[in-house]
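This report concerns only the one structure given below.
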Amino acid sequence: MKSRKYDVVIVGGAVTGSSCAYFLTANPDFDGSVAIFEMDPSFSKSATALSSSSIRHQFSNAINVEISQFGTQFIRDFAERMQVEDSKPDLCFRENGYLFLAGTKRQEEILCANHQAQIACGADVVLMDKDELVRAFPHLNAEDVRLASYGRSGEGWFSNTGLMDGFRKKAREQGAEYVIDEVCAVHRKAHRIIGVSLAGGDTVECDFLINAAGTRSAGIAAMAGLELPVEPRKRTLFIFDCAESPQGTATVNGGQLPLMIDVSGAFCRPEGEHFMTGVSPGVDPVVDTDDFVPRYDEFEMIWEQLALRSKNFEAIKLVNVWAGHYDYNTLDQNAIVGPHSAVKNFLFASGFTGHGLQQSPAVGRALSEYVTYGEYRTLDLSELGYERVIRNEPFIEQAII
Ligand SMILES: Cc1cc2nc3c(=O)[nH]c(=O)nc-3n(C[C@H](O)[C@H](O)[C@H](O)COP(=O)(O)OP(=O)(O)OC[C@H]3O[C@@H](n4cnc5c(N)ncnc54)[C@H](O)[C@@H]3O)c2cc1C
């Protein structure tokens, strides 16, 4: 059995872990060593690889808006920033916006309140009444729509694996060490994490541990005797072809359609020449970390809703389907980021509940600051801290998809 020592050990090498590794190794004030332990180099079951890969500024909490505003700028600059030798990773960012539809008075009130929070942060979001909505997106049936909210810039979708790979390659170039192995034990002495054991037999000492293990992050916390209210919840994504595609018919944004969140909760956005859709299930139990069987029955309901929303969605054909897992925070569906209140060198980075890809740049940057300076220096992510878990005080985000 070999024993090694790193300043920072990161459990999980997908987008969150790799962003942390990138920001740490990019910071000239950080001169420590970083190891990332990843048990599955194919990433085939990671949320990162199975994500719908979109970014929006339309949240209810200012901190989530600001996190994504940083994410947008980071994605725009990604190719230059992540250049390794001659390779500049293009994330194919489609900045086509999000369109939230409100059908009930309650939905309308939430949209209005969220709008105030968003514009206070400088987000480029406008509210549209029924007439404005149909003028902008003539393919939509707006009969039951009371209000819509449209992000004119900064929102859209991009390459998920491109984001992860870009972080990974740059972090590696900057000195981070990626190790294929499973963390199977976390060693704690009183209020400090002192290291981890690997399935391959090695033990590794560390000064900090970052828990970026996604849906398995509660298991990593438990290895240190800590509780984390995060569990895997299944989400199924469907790709469909459309006999008469409405793509190109918008009178805004060069005809490009946004990601629409219907009054029913189903979302739909262009994906190349096809469309992607999905919905939060009514019954949403914890699932086994290896259960990736898609919930085909959800498509019937979504299709019904989409066909009511647009005649163009009446004749559609399913061309692909897959399921992934949210790292679902059962307390408040918001990320849990930062140190444990008592075990301060155990840092959380999970519970993203469907928005971790867009949050990964800001979270990686914040944790690199915490490790290097003992405090957040740019965005203060304290509202997303672990304290609220101990106090059992949810920090509710109204705009969860
Ligand atoms: C269907 C779906 C749609 C989504 N849509 C969006 C979206 O539109 N926008 C958005 O921002 N987010 C979205 N998300 C959420 C986003 O994809 C995730 O929040 C994000 O990818 C989480 O990244 P992560 O690195 O924290 O976790 P993961 O990607 O799950 O990676 C965790 C990694 O840890 C590794 N690991 C676990 N345990 C161990 C161990 N003991 N030892 C070593 N390695 C370990 C795993 O192998 C895995 O590679 C979506 C998620 C899903 C499932």
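The values are calculated or read from the model by the stated rules, or taken from the named source; none is laboratory data. If you're wondering where the values come from, they're calculated on a predicted model, not measured in any experiment. Using ideal geometry, Cβ is built from the backbone for each residue, glycine included, and neighbour counts are taken over all protein chains shown. Ligands, DNA and RNA are excluded from the accessible area calculation, which covers all protein heavy atoms including side chains. Shrake-Rupley method; radii C 1.70, N 1.55, O 1.52, S 1.80 Å.
Quick notes on this structure:
- The alpha-carbon of residue 311 sits under 16 angstrom from the alpha-carbon of none of the lysines, leaving out residues fewer than 8 places away in its chain.
- Cα radius of gyration and Dmax for the chain (Å): 21.2, 69
- Restricting the GluC sites (Glu not before Pro) of the stretch 11-89 to loop positions (DSSP other than H, G, I, E, B) with no more than 11 neighbouring Cβ atoms within 10 Å leaves 85.
- Angle between the chain longest axis and helix 297-309 axis [Cα atoms, degrees, rounded to 10]: 40 degrees
- Rounded tilt (10° steps) of 62-76 against the dominant C-alpha axis of the chain: 90 degrees
- Of the GluC sites (Glu not before Pro) in the stretch 327-401, those whose Cβ has at most 11 other Cβ within 10 Å and which sit in DSSP loop: 375
- Put simply, the C-alpha atoms of the stretch 4-146 give a gyration tensor, and the ellipsoid matching it has half-axes of 38, 17, 16 Å, longest first.
- If both residues of a DSSP beta bridge must be in the chain, then about 70% of such bridges are antiparallel.
- Accessible surface area normalised per residue over the stretch 122-258 is 41 Å², counting heavy atoms of protein chains with a 1.4 Å rolling probe.
- The aspartates and glutamates whose alpha-carbon is closer than 16 Å to the alpha-carbon of residue 105, local same-chain residues fewer than 8 away aside, are 129, 143, 144, 262.
- Accessible carbon and sulfur surface of the stretch 158-220 relative to its total accessible area, %, 1.4 Å: 49 percent
- Loop-located trypsin sites (Lys or Arg not before Pro) in the stretch 2-50 whose Cβ has at most 16 other Cβ within 10 Å (DSSP): 2
- Relative packing of peptides 107-115, 354-362 - highest average C-beta neighbours within 10 Å first: 354-362, 107-115
- Computed over protein heavy atoms with a 1.4 Å probe, the accessible surface of the stretch 1-62 works out to 34 Å² per residue.
- Apportionment of accessible area to carbon and sulfur, the stretch 1-69, percent (1.4 Å): 49 percent
- Percent carbon-and-sulfur accessible area, the stretch 235-290, ignoring ligands, DNA and RNA, probe 1.4 Å: 50 percent
- Given 5/344; 88/169; 169/344, the pairs whose alpha carbons are separated by over 21 Å: 169/344
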